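Here the structure comes first, spelled out in structure tokens, and everything after it is commentary.
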Amino acid sequence: MMKKAENIIVGISIGDLNGIGSEVVLKTFEDSRMLELCTPVIFANVKIMSFIKKNLDSSIALHGIDKLDQIVPGKVNVYNLWREGVDLNYGVNDEKVGQYAIKSFTASTKALKEGVIDVLVTAPINKYNIQSDEFKFPGHTDYLNQELEGDALMLMVQGDLRVGLLTDHVPLNKVSSCLTEALIMKKIETVKKSLIEDFSINKPKIAVLGLNPHCGDGGVIGNEDDVVLKPTLEKIFAKGTLVFGPFAADGFFGSGQYEKYDAIIAAYHDQGLIPFKTLSFGKGVNYTAGLNKVRTSPDHGTAYDIAGKGQADYNSFKEAVYLAIDVYRSRIQHSEISENPLKVKEK
């Protein structure tokens, strides 16, 4: 249950310590004004964070805690999730470091489930070094989908630009077989619900991109758009959802057509992510829509090539914190309106 709109507790999983995650986290909260918006809790170890802070010549003040009931508002709290030292080698793919990334992530997810933290912002991980007998997931989203209620959907956000996917981490040669009427209906309903509850858009307009070049050119370049996508979208529209398409993907973004819609749903990963990152790289946010809890992350990876050099741009991580706070507040507002639709404030 959401309990407040003020003093939101932002849990942070530290990600790959050999990457830029720690740097963008520290840079974000060096600005003391961030502590007026929320109370951060970093799931790591205060000694390792202090070491990274010194290496980056950061002025941030860290407050170590040993229990989650010791969180202090107005401080950058570091929850001592482990006690032992960690050998850091910036830019190196290290399985041991990957296990600390997952330890941070699973502990922060547990705290999110239990309501100890209000929202979760995840720093980048390396999807290869996190694998183990205990953790066999491609990344954050799949694990969250298992642990939390709802159906997870990756929604990339930057301002009014929101891009979702019908299929995400699916090989191209399997995308067409995944595009069923049931899947399309479920994904569009998830996006619609998120736009209403998470972004306070009462009657959202959603565009869907076609699978094939030129939407198949009437069956000349594939028939999935005519046989599956178009009739499904017509059914959804007939039920009152403002969904439009399928649109030919090649000119949709370049022509500015995307600006007419509250969200765009691409058929597959690169179709949506390439234009999104071209338009917003450095400020985009990966938001996991469709779940009962709020999780965001920056739109970049571990960036091993610049790790430990103080060169990382922290704006995407900062925007991820902002978006998590905004979505949390929007959900509270929507919940209050839904529970008391006719309630009038007493004068």
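Among residues of region 172-197 being among the small types (Gly, Ala, Ser) and either open to solvent by less than 60 Å² (accessible area, probe 1.4 Å) or within 13 Å of Asp225 (Cα to Cα) (or both), the one that is nearest to the chain's Cα centre (by Cα) is Ser194.
Considering region 48-76 alone, what residues qualify as being farther than 19 Å from Ala111 by Cβ and touching a Phe, Trp or Tyr at 6+ places or on another chain (Cβ under 7 Å)? Within region 48-76, Ile60 is the sole residue that qualifies.
Residues checked against (1) part of a strand (DSSP E or B); (2) of a type in the set (Val, Ile, Thr); (3) open to solvent by 60 Å² or more (accessible area, probe 1.4 Å); (4) modelled with pLDDT under 95:
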| site | (1), (2), (3), (4) |
| --- | --- |
| Leu273 | no, no, no, yes |
| Ser297 | yes, no, no, no |
| Gly301 | no, no, no, yes |
| Ser316 | no, no, no, no |
| Leu323 | no, no, no, no |
| Arg329 | no, no, yes, no |
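Answer yes if at least one residue in region 222-243 is touching a Leu at 6+ places or on another chain (Cβ under 6 Å), open to solvent by less than 30 Å² (accessible area, probe 1.4 Å), under 26 Å from Val157 (Cβ atoms) and modelled with pLDDT of 95 or more, and no otherwise. Yes, region 222-243 contains at least one residue that is touching a Leu at 6+ places or on another chain (Cβ under 6 Å), open to solvent by less than 30 Å² (accessible area, probe 1.4 Å), under 26 Å from Val157 (Cβ atoms) and modelled with pLDDT of 95 or more. When the test is whether a residue is open to solvent by 10 Å² or more (accessible area, probe 1.4 Å), over 21 Å from Asn129 (Cα atoms) and under 26 Å from the mean Cα position of the chain (by Cα), Ser50 does not pass it. Does region 2-9 include one or more residues that are at pLDDT 95 or above, out of contact with any helix residue (DSSP H, G or I) (no Cβ under 6 Å at 6 or more places or on another chain) and either of a type in the set (A, V, I, L, M) or within 17 Å of Val97 (Cβ to Cβ) (or both)? Checked region 2-9: at least one residue is at pLDDT 95 or above, out of contact with any helix residue (DSSP H, G or I) (no Cβ under 6 Å at 6 or more places or on another chain) and either of a type in the set (A, V, I, L, M) or within 17 Å of Val97 (Cβ to Cβ) (or both).
Every test in (1) within 19 Å of the chain's Cα centre (by Cα); (2) touching a residue at least 24 places away in the same chain (Cβ under 8 Å); (3) open to solvent by 20 Å² or more (accessible area, probe 1.4 Å) is passed by Phe247 save one, and that test is (1).
Of the residues Val92, Val116, Val76, Val97, only one is touching a residue at least 60 places away in the same chain (Cβ under 8 Å) and either in contact with a helix residue (DSSP H, G or I) (Cβ under 6 Å, 6 or more places away or on another chain) or of a type in the set (S, T, N, Q) (or both); which? Just one listed residue meets the conditions, Val116.
Ser338 passes every criterion in (1) in a helix (DSSP H, G or I); (2) in contact (Cβ under 8 Å) with a residue 24 or more places away in the chain; (3) hydroxyl-bearing (Ser, Thr, Tyr) apart from (2).
In the set Ile201, Ile206, only one residue is touching a residue at least 40 places away in the same chain (Cβ under 8 Å), surrounded by fewer than 19 Cβ atoms within 10 Å (Cβ to Cβ) and not acidic (Asp, Glu); that residue is Ile201. Just the residues that are open to solvent by 10 Å² or more (accessible area, probe 1.4 Å) and of a type in the set (Ser, Thr, Tyr), please, taken from region 116-153. Within region 116-153, Tyr128, Ser132, Thr141, Tyr143 meet the criteria. Remark: pairs (first residue in region 277-291, within 21 Å of Arg331 (Cβ to Cβ); second residue in a strand (DSSP E or B) and hydroxyl-bearing (Ser, Thr, Tyr); Cβ separation under 8 Å; 6+ apart in sequence or on different chains) = Val285/Thr296; Val285/Ser297; Asn286/Thr296; Asn286/Ser297; Tyr287/Thr296; Thr288/Thr296. If you filter region 53-73 down to residues that are farther than 22 Å from Asp118 by Cβ and touching a residue at least 60 places away in the same chain (Cβ under 8 Å), you find that the one that is surrounded by the fewest Cβ atoms within 10 Å (Cβ to Cβ) is Asp57. Inspection of region 123-132 identifies no residue that is part of a strand (DSSP E or B), in contact with a Gly (Cβ under 6 Å, 6 or more places away or on another chain) and either at pLDDT 95 or above or over 20 Å from Asn286 (Cα atoms) (or both). If you go through region 35-47 and keep only what is within 25 Å of the chain's Cα centre (by Cα), hydrophobic (A, V, I, L, M, F, W, C) and surrounded by 17 or more Cβ atoms within 10 Å (Cβ to Cβ), you end up with Cys38, Val41, Ile42, Phe43, Ala44.
The values are calculated or read from the model by the stated rules, or taken from the named source; none is laboratory data. Quick caveat, the model's predicted, so the values are computed rather than measured. Glycine gets a Cβ as well: all are built from the backbone with ideal geometry, and neighbour counts include every protein chain shown. Only protein heavy atoms, including side chains, enter the accessible area calculation; ligands, DNA and RNA are left aside. Shrake-Rupley method; radii C 1.70, N 1.55, O 1.52, S 1.80 Å.
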